[in-house]
Amino acid sequence: MAGDTSDGTDRRGPAAADTADGATAASDAESAPVTDPGSDGETGGADVRDDAPPEVEADDGAVDEADPAGTPAETSADTSTGSSADTSVDGDAVGGDDAAGSFEFGSRARTETEVDLDVDEVLGEDDDDEDSTGLFDDLLSGEPIFENKEVLRPSYTPHELPHRNDQINKMATILVSALRGETPSNILIYGKTGTGKTASAKFVSQELESTSQKYDVPCEVEYINCEVTDTQYRVLAQLANKFIEKNQTLIDDRLDELRDLRSRATEDPAAIAGTEFDAVAALDDRIADLEDDREEMEEVPMTGWPTDRVYSTFFDAVDYHERVVVIMLDEIDKLVEKSGDDTLYNLSRMNSELENSRISIMGISNDLKFTDFLDPRVKSSLGEEEIVFPPYDANQLRDILQHRSDTAFKADALTEDVIPLCAAFAAQEHGDARRALDLLRTAGELAERSQADLVEESHVRQAQDKIELDRVVEVVRTLPTQSKIVLFSIILLEKNGVHNVNTGEVFNIYKRLCEEIDADVLTQRRVTDLISELDMLGIVNAVVVSKGRYGRTKEISLSVPIDETEAVLLSDSRLGDIEDAQPFVQARFDN
Ligand code: ADP
Ligand code: MG
């Protein structure tokens, strides 16, 4: 899709192919009304939650990533921005088209009910509830470990982000222009996974929107996760529909006011004195205009329109009134990888054509190199400001874990070495806070399962093994067949007591296996390459050793658990055909 990036002419080429399938899910999720009275009754917890803004807020994110398949990450962000937009534009009319006439937290809580509330969560909030005598609390909270496990899930958006002050302040310094009605510079954020990019960006966007409401300035943030919304069509359609929805709410609110004024004017023509209307006829005209506008706003279907029509619909929707819009494109590298840089090109040149509104783009990427694939103009426009998120070190991870564990675990549920150990393991894993939190949660779950009263160091080690094994299983399962055969050869050798094998030995077994299952036999050279790849994936360890005058060779050993890995390999239908592998080992000696 990157197409002709060089000529700079109209690149809104037809991208009908963009109109992909998964898009319907997005539309479902978006139209899944915030106001679903039915789900309200499902849990008494929802009421409790209404009174607990921090939890409600925080869990907002939970809808988000908890269900990567069905629910696009945008849902939650949209829910909150949707309602905030209403208030920012017209503080008096929060109710707007919220059919159930709910207030703000009400509408959020309702989305929450889509997420399973567990007993822990409800209990956690009951603590604040004076009506509860604690009789049942004690019975229900029989488990000693977790207070609120959700706090450790990746979907939870923390309110405090230790060791990210610099990055957060820098974002704020740039984005504050939006609150002054100016266009903020575009921002590009880089950092490895788990360095707090998404959490920080969401935190800043919540702050930005709440401040814009406070001062009643029209500033809005749209968050899009490009891993889910990964084509130009979908990004533009989603943005278009978001703004159409906001515009409609705005129009509805305005119409309510004007119709009200109209009916008062009917009884007493003096009612319009002091308003912008000098006559009832002018008021009627205005009402008719708004009704027309509303009528004309047509939602973009999730597939089927030419891309330029989607683009212009989005354009008109954003430009419907004055506002500054910050578009956050998280995992922006995924969008570019899948669909090229057309979207970014189109978005980054919009400001020169918009009349009432301005947009600013904030791209977030795990991968610095993706900008190499951008049109130079897009690259310089997008990277006006760059913010780097460095990996956390073990001490920083400790602080982060400590913060979370205070709410996640019951008091004194952790022995004192648990957090430092989780931090140390995750620091080795390129300073990944997600990994640190996963470890802590998994350790807690393992402790819970073994009915221990405390989470101990041994649970962390088990958790590390479990997470590592899950990773290995996933990597091995998705290897290409040839690599699987190579790996299986190494396993066969090891199982027969042959350790530190060399490439030649692996190759001999490999050849036999290929013949057995009718696979192509690659050259020894290629097999050596595949072994290096397995080494890079951390599945085998290959060290070059010198054999004196016989030159150098590689000594290969398995670095993953042998039985589990073998089981995963044999679950592949082709390798599963290998009947009795034992005799092949003889091949090691046939040169
Ligand atoms: P990224 O987007 O860089 O991959 P995330 O923002 O998703 O990383 O962070 C991964 C996990 O670690 C999330 O659960 C997030 O809440 C948590 N996290 C990251 N940085 C911090 C921090 N400084 N304080 C508290 N939690 C953090
Ligand atoms: Mg992220």
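Take the residue pairs 334/511; 338/466; 214/334; 338/511; 202/242; 192/511 and return only those whose Cα atoms are more than 28 Å apart. Going by Cα-Cα distance, 334/511; 338/466; 214/334; 338/511; 192/511 fall outside the 28 Å limit. In this label model, residue 526 and residue 559 are separated by 2.6 nm, measuring between points 7 Å along each Cα→Cβ vector. Remark: spin-label model distance residue 535-residue 368 equals 2.6 nm, labels positioned 7 Å along the Cα→Cβ axis. Taken over the Cα atoms of the range 356-497, the convex hull encloses 216 Å³ per residue.
Which shape class applies to the range 445-511: rounded if a/c is under 1.5, otherwise prolate when a/b exceeds b/c and oblate if not, where a ≥ b ≥ c are the square roots of the Cα gyration tensor eigenvalues? Verdict is prolate for the range 445-511.
Averaging Cα coordinates gives a centre for the range 145-217 and one for the range 478-550; these two points are 47 Å apart. Mind putting together the pair-distance distribution for the range 209-368? All Cα pairs, 10 Å bins, whole percent per bin, short to long. In whole percents, the pair-distance histogram is 10, 32, 29, 17, 9, 3, 0.
Looking at the range 529-570, the accessible area is 56 square angstrom per residue; that uses a 1.4 Å probe and ignores ligands, DNA and RNA.
Could you check how much of the accessible area of the range 137-263 is carbon and sulfur, as a whole percent, using a 1.4 Å probe? Heavy-atom surface of the range 137-263 belonging to carbon and sulfur, 1.4 Å probe: 47 percent.
Extending 7 Å from the Cα toward the beta-carbon at both residue 410 and residue 268 defines two label points whose distance is 6.5 nm. Specify whether the C-alpha gyration tensor of the range 173-245 places it in the rounded, prolate or oblate class, a ≥ b ≥ c being the square roots of the eigenvalues: rounded for a/c under 1.5, otherwise prolate if a/b is larger than b/c and oblate if not. The shape class here is oblate. Here the extension length gained between residue 216 and residue 495 equals 93.4 nm, from 0.36 nm per residue of separation less the Cα-Cα distance.
In the range 495-572, the inverse of the mean reciprocal separation of distinct Cα atoms equals 13.6 Å; this is its Kirkwood hydrodynamic radius. In order along the range 324-330, the Karplus-derived 3J(HN,Hα) couplings, from 6.51 cos²θ - 1.76 cosθ + 1.60 at θ = phi - 60°, round to 10, 10, 9, 9, 9, 10, 7 Hz, and Gly and Pro are given as x.
Per residue, the accessible area of the range 400-503 comes to 43 Å², computed with a 1.4 Å probe over protein heavy atoms only.
Under 5 Å between amide hydrogens, built in the peptide plane, is the criterion, and for residue 325 it picks out 220, 358, 359, 360 among residues at least 5 positions away or on other chains. Global size of the range 269-348: 19.5, 62 Å for Rg and Dmax (C-alpha atoms, Rg to one decimal, Dmax whole).
Think of a 1.4 Å ball rolled over the protein heavy atoms: the range 245-296 then has 59 Å² of accessible area per residue.
The values are calculated or read from the model by the stated rules, or taken from the named source; none is laboratory data. Predicted model only: the values in this text are computed from it and were never measured. Here the Cβ is made from the backbone with ideal geometry for all residues, glycine too, and neighbour counts use every protein chain on show. Side chains included, ligands, DNA and RNA excluded: accessible areas come from the protein's heavy atoms. Shrake-Rupley method; radii C 1.70, N 1.55, O 1.52, S 1.80 Å.
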